[in-house]
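Asks: One structure is given below, represented as structure tokens, and several questions about it will come after.
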Amino acid sequence: MHLPKILTPLATAAVLAAATPLALAQSALPVSAPLEARSAAGASGDEVLREMQQAFRRGDRGRLALLLPSARNHPLEPWAAYWELRARLQDAQSEEVQVFLQRWAGTYQEDRLRNDWLRQLGQRRDWARFAELHPSFRMGDDREVSCYATTIDHLRGTLPATGVQDMLGHWQAQRDADDGCTHAAGELFSARQLPALEVWRKARLSAEANRQRATRDAVAIAAPDVSNLVADLYANPAKFLGSRVAAPTRQRQELVVLALIRLAAKDPDNAAALLESKWGVQLSPEERHWTWGVIGKQAALRLSPSAMEHFNKVAKDSDLSDDLLTWKVRAALRAGDWKAVHRSINAMSPNMREDSTWTYWKARSLLADRPGDEDRAQARVLLGNIAGTSGFYEQLALEDLGQRITVPPAPAPLTAQEKAAARANPSLARGLYAISMGLRSEGVREWNYATNLHTPGGMGERELLAAADLACEREVWDRCINTSERTKSVADYRQRFPMPFQKAVVAHSQGVGLDPAYVYGLIRQESRFIMDARSGVGASGLMQVMPATARWTAKKIGMTGFTADQINDRDTNITIGTAYLKLALDDFAGSMPMAAAAYNAGPGRPRSWRNGPVLDAAIWAENVPFSETRDYVKKVLANTTNYAAILTGQPQSLKSRLGTVGPREPVAPEPNKDLP
């Protein structure tokens, strides 16, 4: 990535100074001054910000206080001020917070600190100050803060009709233990406004997610006298179940359910045997159905043929959570049980049923097993509701309706005024500046706040296109793509599917016999074209190559003198990434879905996942056990189809790139066991 293309700090300062009196310009040099012309003071200021970021991550309050004066008048001064106060917020006075909120009014940092302070006030049960401050919280995206607000409404007697259900949604969506939603749930349960079943369901969800504290907190609300037993059932669920002969009360029954859930995570067959032989008759139908659903899910995650046997013991699908129902659908797809697919999707919540994944498979279930005219008509309506070019199931629906994937018409060109408004937006400018100086996390958050959260509902469509255009112009491709993808009524494919480094990507792809569209589809998903992208597991560069994989591939293709520090070099990364992808594609006999899965999860896993029945590759992809890899495969293939439409100018087919997936043919060459 070329930093001068992003935005010079001096240009940013000029934008910020023009846009808001709160951010002062850093230098008198003109906006067009190149990066090399940055003044010594400006470079020093950038270094101060970098050092403050590191001090904030270390929790070094003293260093932050010492450096703060040196950040004055820097374009990113709001970040410096935020870090310094946030690091000591627990000990800060309300007056200090108010001064900060007034000083940086309208900025991301103001609302971020308001969010942090609201959490502090909630934890202190300072409801008066919380209620005074909460209406000004623009982002409104913090579940815990929303739960604190529910508590206040409850205490005031102003809880809206949907208040309990809204709180429950926030609480159940929280994987980890929290204070806000747990406290609100306790208050509502004590007031008999929250049913015990919903509290126990939260405990079950937490047990399935292996969150012991969250499980214990939920049990402590519904049954405080037995909450101490949660540690025992986590430590050894089989021993916990084996040491008990009966569950005479509702509380004891629910503890058995929790223990069976924990056991199923490690040994679903044993959990099934215990439920069948001992505990099933002692549980309520709802408890029994839920537990069979969890065991079915665990079997489905292992691609076991027994998954549907377990799910078929659920007599009432509406007793299952949406997550369990999605796994029942996946298992039914793998088993070819289209009636179970249809029933399970119908049992989902309305919001889940409207997701394109389940809309598509419901339509397919209607078209299976000798459909009638009414079934076909309903299926066409469902497919028509989601058909489009944007995603995997949207493209499949379009093809099922007899159409191909083409590039949609471009929106009307942006006006000079629309482009100027994007350039003058202080949060967008600060975001670009932060990214340019290496503070990517802060820059992305600032940018996303400007596009999604600063105003209710986020930017309008034309504003989004203008913001995306600015990011594209500066070659900040991830913000370009993600911002453009937020538009609903129009789609600018120049923004959504950019093709930087086209000459290099096409040449390297064709040089090893790969479709450049496939390579572009993979890079878009891997790194969003960020040259210095680095994953949490150490993968680097455009094609996110792991160091060990890079060394192996370099040796395999005869690249002499390769060293690990070359991974972020553009041409080297593309050379190694395309070579490895070609080796993976050949190893899986040209299957793009399996090669994509291998690129993401390593080749050993898709070799295992392919065993079993021969499946439509869309069904195979939907049954990939890892959520990241499942999403990755679908996005890479949808990206590939769109890039092919752009590169060739011709209508394209996703289905032609999918095919089927099944066990390796006996006559096929042995897999390359050395492929990392």
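The values are calculated or read from the model by the stated rules, or taken from the named source; none is laboratory data. Quick caveat, the model's predicted, so the values are computed rather than measured. Cβ placement follows ideal geometry from the backbone for every residue including glycine, while neighbour counts extend to all protein chains displayed. Remember, those area values only see protein heavy atoms, side chains included, never the ligands or the DNA or RNA. Shrake-Rupley method; radii C 1.70, N 1.55, O 1.52, S 1.80 Å.
Asks: Round to a whole angstrom and tell me the spacing of the C-alpha centers of region 348-376 and region 289-304.
Replies: 23
Asks: Let a ≥ b ≥ c be the square roots of the eigenvalues of the Cα gyration tensor of the chain; is it rounded (a/c under 1.5), or, if not, prolate (a/b larger than b/c) or oblate? Can you show the working numbers first?
Replies: Details: a/c = 1.74, a/b = 1.13, b/c = 1.54.
In terms of gyration-tensor shape, oblate.
Asks: Sticking with this structure for a sec: If one computes the Cα centroid of region 641-676 and of region 124-194, what distance in Å separates the two points?
Replies: Cα centroid of region 641-676 versus Cα centroid of region 124-194: 49 Å apart.
Asks: In Å², and per residue, what accessible area does region 196-334 have when probed at 1.4 Å with the other protein chains present?
Replies: Values: 5210 Å² over 139 residues.
Result: 37 Å² per residue.
Asks: If you don't mind, there's one more thing I want to ask. Could you work out the relative contact order of region 533-641? I mean the mean sequence separation of Cα pairs under 8 Å and 6+ apart, divided by the number of residues, in percent. List each step's numbers first, then the result.
Replies: Numbers: 97 pairs, mean separation 18.8, N = 109.
The normalised contact order for region 533-641 reaches 17 percent.
Asks: How many nm is it between the label spots at Glu132 and Lys239, if each spot is 7 Å from the Cα in line with the beta carbon?
Replies: 5.3
Asks: Based on Cβ point charges of +1 for Lys and Arg and -1 for Asp and Glu, what charge dipole magnitude is obtained for the chain about its Cα centre, in debye rounded to the nearest 20?
Replies: Values: 83 positive and 76 negative charges, 175 e Å.
Using only the charged Cβ atoms, the result is roughly 840 debye.
Asks: Describe numerically, in nm with one decimal, the distance between label points set 7 Å from Cα along Cα→Cβ at Ala105 and at Arg213.
Replies: Reported label-point gap for Ala105 and Arg213 is 3.8 nm.
Asks: What full-extension length gain, to one decimal in nm, is calculated for Lys316 and Gln123 as 0.36 nm per residue of separation minus the Cα-Cα distance? Show your work: numbers first, answer last.
Replies: Details: separation 193, 0.36 × 193 = 69.48 nm, distance 4.00 nm.
Full extension of this stretch gives 65.5 nm more.
Asks: Rounded to the nearest whole Å², what accessible area per residue is found for region 423-522 with the 1.4 Å probe? Numbers along the way, then the final one.
Replies: Numbers: 3420 Å² over 100 residues.
About 34 Å² of surface per residue is accessible.
Asks: Given labels modelled 7 Å from the Cα in the Cβ direction, how far is it in nm from Asn270 to Ala173?
Replies: In this crude spin-label approximation the distance works out to 3.6 nm.
Asks: Would you please give the FRET efficiency between Asn568 and Arg88, computed as 1/(1 + (r/R0)^6) with r the Cβ-Cβ distance and R0 = 51 Å, to the nearest 0.05? Don't skip to the answer; put the middle values down first.
Replies: Numbers: r = 37 Å, r/R0 = 0.72.
My answer for the efficiency is 0.90.
Asks: Ignoring ligands, DNA and RNA, what accessible area per residue does region 39-105 give at 1.4 Å, in Å²? Write out the running numbers ahead of the final one.
Replies: Working: 3240 Å² over 67 residues.
Accessible surface, normalised per residue, equals 48 Å².
Asks: Sticking with this one: Add -39500 (n - 2.57) for each DSSP H run of 4 or more in the chain, then divide by its residues: what number comes out at 222 nm, to the nearest 500 deg cm²/dmol? Numbers along the way, then the final one.
Replies: Working: 39 runs with 410 residues, N = 676.
Mean residue ellipticity, 222 nm, calculated: -18000 deg cm²/dmol.
Asks: If we sort 590-598, 86-94 on the protection proxy, mean other Cβ atoms within 10 Å, highest first, what's the order? Display every interim value, and only then the final one.
Replies: On the way: 590-598: 23.9, 86-94: 13.8.
Highest to lowest by the protection proxy: 590-598, 86-94.
Asks: Hey, another quick one. Let a ≥ b ≥ c be the square roots of the eigenvalues of the Cα gyration tensor of region 531-646; is it rounded (a/c under 1.5), or, if not, prolate (a/b larger than b/c) or oblate?
Replies: Taking the square roots of the gyration eigenvalues as a ≥ b ≥ c, region 531-646 is prolate.
Asks: Identify all aspartates and glutamates with a Cα-Cα distance to Lys556 below 20 Å; exclude those on the same chain that are fewer than 8 residues away in sequence.
Replies: Asp565, Asp569, Asp571, Asp586, Asp587, Glu670, Asp674
Asks: Please check which bits of region 636-676 a label hung off Ala589 would reach, taking the label as a point 7 Å along Cα-to-C-beta and the cut-off as backbone N under 13 Å.
Replies: Taking a point 7 Å out along Cα→Cβ of Ala589, the residues of region 636-676 whose backbone N falls under 13 Å are 659-671.
Asks: In nm, what is the difference between 0.36 nm times the number of residues separating Glu95 and Ser627 and their Cα-Cα distance?
Replies: Values: separation 532, 0.36 × 532 = 191.52 nm, distance 4.56 nm.
Between Glu95 and Ser627, full extension yields 187.0 nm more.
Asks: Sticking with this one: Give me the extension gain from Ala246 to Arg353: residue separation times 0.36 nm, minus the current Cα-Cα distance, reported in nm with one decimal. Don't jump to the answer; show the numbers that get you there.
Replies: Numbers: separation 107, 0.36 × 107 = 38.52 nm, distance 3.85 nm.
Using 0.36 nm per residue and subtracting the Cα-Cα distance, I get 34.7 nm.
Asks: Considering Cα pairs under 8 angstrom that are at least six residues apart, work out the relative contact order of region 182-246 and quote it in whole percent. Walk me through the numbers on the way to the answer.
Replies: On the way: 48 pairs, mean separation 15.6, N = 65.
Averaging sequence separation for qualifying contacts and normalising by length gives 24 percent for region 182-246.
Asks: Could you rank the peptides 240-252, 487-499 by their average count of other C-beta atoms within 10 Å per residue, with the highest value first? All intermediate terms of the calculation are to be shown ahead of the outcome.
Replies: Values: 240-252: 14.4, 487-499: 17.8.
By packing density, highest mean first, the sequence is 487-499, 240-252.
Asks: Another question, then. Over 21 Å between Cα atoms, which of Lys202/Lys362; Lys634/Lys655; Lys362/Lys488; Lys362/Lys634; Lys266/Lys673; Lys555/Lys634 qualify?
Replies: On the way: Lys202/Lys362 28 Å; Lys634/Lys655 12 Å; Lys362/Lys488 24 Å; Lys362/Lys634 18 Å; Lys266/Lys673 28 Å; Lys555/Lys634 31 Å.
Table pairs above 21 Å Cα-Cα are Lys202/Lys362; Lys362/Lys488; Lys266/Lys673; Lys555/Lys634.
Asks: Let me ask something additional. How much net charge surrounds Tyr643 when only the other residues with a Cβ under 10 Å from the Cβ of Tyr643 are counted, with Lys and Arg +1 and Asp and Glu -1? Write out the running numbers ahead of the final one.
Replies: Details: positive: Arg524; negative: Asp515.
For residues surrounding Tyr643, the net value is 0.
Asks: All other residues with a Cβ under 9 Å from the Cβ of Arg112 taken together, and with Lys, Arg as +1 and Asp, Glu as -1, what is their net charge? Show your work: numbers first, answer last.
Replies: Numbers: positive: Arg86, Arg114, Arg445; negative: Glu110, Asp111, Asp116.
Result for the local shell: 0.
Asks: Related question: Take the solvent-accessible surface of the protein heavy atoms, probe 1.4 Å, and return the percent of it on the chain that carbon and sulfur atoms account for. Please report the intermediate quantities before stating the final value.
Replies: On the way: 14300 of 28730 Å².
For the chain, the apolar C and S fraction of the accessible surface comes to 50 percent.
Asks: Using R₀ = 41 Å, calculate the FRET efficiency as 1/(1 + (r/R₀)^6) where r is the Cβ-Cβ separation of Arg370 and Ser284; round to 0.05. If you can, show how the numbers build up before the last one.
Replies: On the way: r = 38 Å, r/R0 = 0.94.
Efficiency at R0 = 41 Å is approximately 0.60.
Asks: Among the aspartates and glutamates, which have Cα under 20 Å from the Cα of Lys419 when same-chain residues fewer than 8 positions away are ignored?
Replies: Within reach: Glu446, Glu461, Glu463, Asp469, Glu473, Glu475, Asp478, Glu485, Asp492.
Asks: With a ≥ b ≥ c the root eigenvalues of the C-alpha gyration tensor of region 441-493, is it rounded (a/c under 1.5), prolate (a/b larger than b/c) or oblate?
Replies: Oblate shape, in that a/c is at least 1.5 and b/c is the bigger or equal ratio.
Asks: Given a Förster distance of 51 Å, report the FRET efficiency between Val667 and Ser190 from their Cβ-Cβ distance, rounded to the nearest 0.05.
Replies: On the way: r = 68 Å, r/R0 = 1.34.
The calculated FRET efficiency here is 0.15.
Asks: Same structure again: Got the relative contact order for the chain handy, in percent, Cα pairs under 8 Å and 6 or more residues apart? Show your work: numbers first, answer last.
Replies: Values: 969 pairs, mean separation 67.6, N = 676.
Over the chain, the number comes to 10 percent.
Asks: Going by average Cβ neighbours within 10 Å, how do the peptides 666-672, 175-181 rank, with the highest at the top?
Replies: The packing order, highest mean first, is 175-181, 666-672.
Asks: Local charge sum around Trp290 (other residues, Cβ-Cβ under 9 Å, Lys/Arg +1, Asp/Glu -1)?
Replies: Numbers: positive: Arg201, Arg204, Arg288; negative: Glu286, Glu287, Asp319.
Local net charge: 0.
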